[in-house]
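Each value in this text was obtained by applying a stated rule to the coordinates, not by laboratory testing. Since the structure is predicted, the reported quantities are computational estimates derived from the model, not experimental observations. Don't worry about glycine lacking a Cβ; one is built from the backbone with ideal geometry, like all the others, and counts go over all protein chains shown.
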Amino acid sequence: MSLERFESPEPMSEAGSLREEAMQYHNEQRQIASAGKLPNGTSTSRKRGFGTVEPTPATPAKRQQTGFIDGPHTRKDQLTKGQQLLRAANLYEKRYDYKDCPIDQGEIRLMLLKRNPNRFAEVIIELKSFPIQEIVENPEDFKFTALSYNWGTGDQNKIVLVDMLQDNEPPSVPVMHDFSEVATQFNRKMKRLSVKPNLYAFLQEFRQPDKEVAIWVDRICINQKDNKEKQDQVAIMGQIYSTAANVAIWLGPADEHGKTDRAMDFISFILQDDTGEKFKERYATNWSELLHLMRRRWFSRRWIIQELALAKSAEVRCGSKKVNWRDFSDAVSIFALRFDSILKDIKRDPKLEKSLEGIKDMKPLGARILVDVLSNTFQRQVDGNIYAPRQGLESLISSLSTFETSDPRDTIYTLLNLAKETCKLPSSNSVQQRRQSMQEGNPPPEPDYSIDLLQVYTNYRIRSLIRPRHTADCAGAN
């Protein structure tokens, strides 16, 4: 997550024309109503207001018989033309302002993803702020999932609705043909955030039918237009990912041909089979599909190393499928051990060979490198908690050169929480080395996006040259 990640300028909205058209329609309907008629789909016998029965896993949410937006489950084709137009105008106009949920240094925002049994319903969230230290000290009271994902390409053309009332009761709405009052109520309740399709797809998949879930995701929980805030949040990123109850690795939506779904299912078979059946030629297609999955863009991001290395627990998600990270890691390791023989089977099928796109070795693949590096990043206690980093900054930089960053400064900044001399986690080794560096007048670097790339690298080289001789980073000393 780089500080380069500015929210791209949003295109000029059509709110003005939409509102004019909606209000023109409203005036026409008011004239009809004054003549003793009501808009299509509206009846005097219907209840005022809107709402939904609380959804449960067994019972889908039931809609009240109203015409506007009775809860997030209403389909657009159930709305009248004027209501659709006014709704669109409102969404264009009311962008979320992070001043509505301010944070100080040492605080983070958490996102509450509202429940909904309808996967295709609008995504609705709340944002709340908490001191990171309070979360660290009381993890059982702040169980949240931290998202690790690739931002993806394309425009931020998906809308997430932010619930401003932050309660469970929807606002009451007068008669449905009074569009001006409907607009007031809807604006009071919802504001919008624009996100890219890949994140939106995750929120739809991760949303639960019967309960809210707490998530930390950089794009939404950090004000991307505030450089100071972003810099402060990068500095505590290690605490966020190490404190999260779970890290969700989002590889993206499933592909339309079913390759990724089959690959995710094949991982379980790889681990359960102890007869060698999985290595027979008839499974060549399955191995090629797993290789296809391993080439998703997520595996090329440099930030994922920190996000995953610090995780207490992690799961890999692709579309509606999910597997435990350890299972995924073991499957990749097994694949690497038998890669040469599996590759021969794949090449026997011309169609499968074409899908290889020139791959002759697994060593350069991000997934393989990631699995190897993570196994040697930290010393861990019996319960799995991190005890101390194993490697120094130089060693990490040289071994992870193939991973990409959108901001070149992140070549160094992404690894600060993983290196022996810069890690801030409460381990004896890292604390001792940081204290020694401070005493020697060579303090560990902090993320600083106000300086240019040359200065970042210069500071790094100066530090490495005057570093105590006994820290043998490049040797990867334990």
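Long-range amide H contacts for T145: which residues qualify at under 5 Å (H placed 1.01 Å from N, peptide plane, sequence gap of 5 or more or a different chain)?
Residues meeting the criterion, in which the H sits 1.01 Å from N, are A214, I215, W216.
Amide H of M190 versus every other amide H placed in the peptide plane: which residues, excluding those fewer than 5 positions away on the same chain, fall under 5 Å?
Amide H neighbours of M190: M164.
Give the long-range amide H neighbours of V123: residues separated by 5 or more places, or on another chain, with amide H under 5 Å away, using H modelled in the peptide plane at 1.01 Å from N.
Amide H to amide H, under 5 Å and 5 or more residues apart or across chains, V123 pairs with L161.
Can you give me the distance in nm between label points at D372 and S406, each placed 7 Å from the Cα along the Cα-to-Cβ direction?
The two pseudo-label positions are separated by 2.9 nm.
Between I359 and S313, take the C-beta separation as r, use R0 = 22 Å, and let me know the FRET efficiency to the nearest 0.05.
The calculated FRET efficiency here is 0.10.
Please compute the modelled spin-label separation between R95 and S341, points set 7 Å along Cα→Cβ, answer in nm with one decimal.
Simple spin-label model gives 5.8 nm for this pair.
For the range 201-258, what does the alpha-carbon gyration tensor say about shape, rounded, prolate or oblate, given a ≥ b ≥ c as the root eigenvalues, a/c under 1.5 as rounded, and a/b over b/c as prolate? Mind dumping the intermediate values first?
Details: a/c = 2.10, a/b = 1.72, b/c = 1.22.
Because a/c hits 1.5 or more and a/b exceeds b/c, the range 201-258 counts as prolate.
Could you tell me what a quarter of the Cα convex hull surface of the range 231-372 works out to, in nm² with one decimal place?
Mean shadow area of the hull around the Cα atoms is 9.2 nm².
Based on the alpha carbons, how large is the Rg to Rh ratio for the range 110-171 when Rh follows Kirkwood?
1.01
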